[in-house]
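Here's the structure, in structure tokens; my notes come after.
The values are calculated or read from the model by the stated rules, or taken from the named source; none is laboratory data. Because the structure is predicted, anything quoted here is derived from the model rather than measured. Virtual Cβ from ideal backbone geometry, glycine too; neighbours counted across all protein chains shown. These accessible areas exclude ligands, DNA and RNA; they are computed on the full protein's heavy atoms, side chains included. Shrake-Rupley method; radii C 1.70, N 1.55, O 1.52, S 1.80 Å.
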Amino acid sequence: MKVSVIIPAYNAEKIIGKTLEALLNQTYKDYEVIVVDDGSKDRTADVVKKYMKKSKKIKLVTEKNAGPATARNNGAKHSKGEILLFTDSDCVPEKNWIEEMIRPIKGDVVGVQGRYKILNKDKLIARFIQYEIEERYERTEKFKYIDFIGTYAAAYRKDVFMKLGGFDTSFRRASGEDPEFSFRVDKAGYKMVFNPKAIVYH
């Protein structure tokens, strides 16, 4: 069951390296990583190319700046996996992240939401944000199925993603394209779940 991890990146040269390092040290092995450079004005593409020399798992797709929704859809079009995983260029997945993200996908479950933790706990605002997020997760864990998935740690069966047309590209910025898509998945009758063991750090 091959997996495609898709990362939209815009001016991410200072942070994308940590993301790629974490993705190259996963417990699950049958996957590719597609970075979609969304018209960056810095050296994002150069950093990704360095990692491409380290591993054939890393691929680079470039496009004119069109926003993360378009970038993710573009990555999906270039993917070879049966399952699409989405994360962001400022997220650092735990080593078992891919394994945990795909574990629940079987039967009528086609989508998975992972967990988000903050790295810079020394910042007061960051601690408040993490507290609010943890409260939300506590509520989410009470439900068998969910209808909201954020793309910092999202998994979808590729056939369903493509059938429903992917993310709405009218969202030019990261401003709601991910819940909008998950609402469509839910409306179409598919099931999604939350896996608190699939963790990325922001």
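Figures for the structure shown
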read-out	value
Identity of the residue in region 30-61, in contact with a helix residue (DSSP H, G or I) (Cβ under 9 Å, 6 or more places away or on another chain) and basic (K, R), that ends up nearest to E100 (Cα to Cα)	K57
Some residue of region 52-63 being within 24 Å of K197 (Cα to Cα) and either touching a His at 6+ places or on another chain (Cβ under 7 Å) or buried (at least 22 other Cβ atoms within 10 Å of the Cβ) (or both)	no
In region 13-38, the residues that are closer than 16 Å to G75 by Cα and among the acidic types (D, E)	E32, D37, D38
Residue identified as over 23 Å from E100 (Cα atoms) and at pLDDT 90 or above among K163, K197, K123	K163
For I7: the one exception among (1) part of a loop (DSSP other than H, G, I, E, B); (2) closer than 24 Å to K117 by Cβ; (3) in contact with a helix residue (DSSP H, G or I) (Cβ under 9 Å, 6 or more places away or on another chain)	(1)
In region 1-20, the residues that are touching a residue at least 40 places away in the same chain (Cβ under 8 Å), surrounded by fewer than 20 Cβ atoms within 10 Å (Cβ to Cβ) and within 14 Å of P93 (Cβ to Cβ)	I15, K18
Yes/no for L20 being at pLDDT 95 or above, in a helix (DSSP H, G or I) and under 23 Å from G114 (Cα atoms)	yes
Contacts under 9 angstrom Cβ, first residue in region 67-93 being without any contact (Cβ under 8 Å) to a residue 24 or more places away in the chain, partner open to solvent by less than 10 Å² (accessible area, probe 1.4 Å), 6 or more apart	K77/G166
Residues satisfying the stated conditions in region 191-202, i.e. open to solvent by 50 Å² or more (accessible area, probe 1.4 Å) and either in contact with a Gly (Cβ under 6 Å, 6 or more places away or on another chain) or over 15 Å from L85 (Cβ atoms) (or both)	K191, Y201, H202
Criterion violated by A188 - all others in (1) open to solvent by 30 Å² or more (accessible area, probe 1.4 Å); (2) on the phi > 0 side of the Ramachandran plot; (3) modelled with pLDDT of 95 or more; (4) small (G, A, S) satisfied	(2)
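One line per residue, one yes/no per condition, for (1) among the charged types (D, E, K, R); (2) in a loop (DSSP other than H, G, I, E, B); (3) out of contact with any strand residue (DSSP E or B) (no Cβ under 9 Å at 6 or more places or on another chain); (4) under 20 Å from I7 (Cα atoms):
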| site | (1), (2), (3), (4) |
| --- | --- |
| K144 | yes, yes, no, no |
| Y152 | no, yes, no, yes |
| F161 | no, no, no, yes |
| T169 | no, yes, yes, yes |
| F181 | no, no, no, yes |
| D186 | yes, no, no, no |
| G189 | no, yes, yes, no |
| A198 | no, no, no, yes |
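Residue-wise test of (1) of a type in the set (D, E); (2) under 22 Å from N195 (Cβ atoms); (3) buried (at least 23 other Cβ atoms within 10 Å of the Cβ).
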site: E32; (1), (2), (3): yes, yes, no
site: D38; (1), (2), (3): yes, no, yes
site: K41; (1), (2), (3): no, no, no
site: T44; (1), (2), (3): no, no, yes
site: K49; (1), (2), (3): no, no, no
site: A66; (1), (2), (3): no, no, no
site: G81; (1), (2), (3): no, yes, no
site: D90; (1), (2), (3): yes, yes, no
site: E99; (1), (2), (3): yes, yes, no
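Rundown of residues vs (1) of a type in the set (F, W, Y); (2) under 15 Å from the mean Cα position of the chain (by Cα), yes/no style:
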| site | (1), (2) |
| --- | --- |
| V3 | no, yes |
| A9 | no, yes |
| E21 | no, no |
| D37 | no, yes |
| Y51 | yes, no |
| K56 | no, no |
| V61 | no, no |
| A66 | no, no |
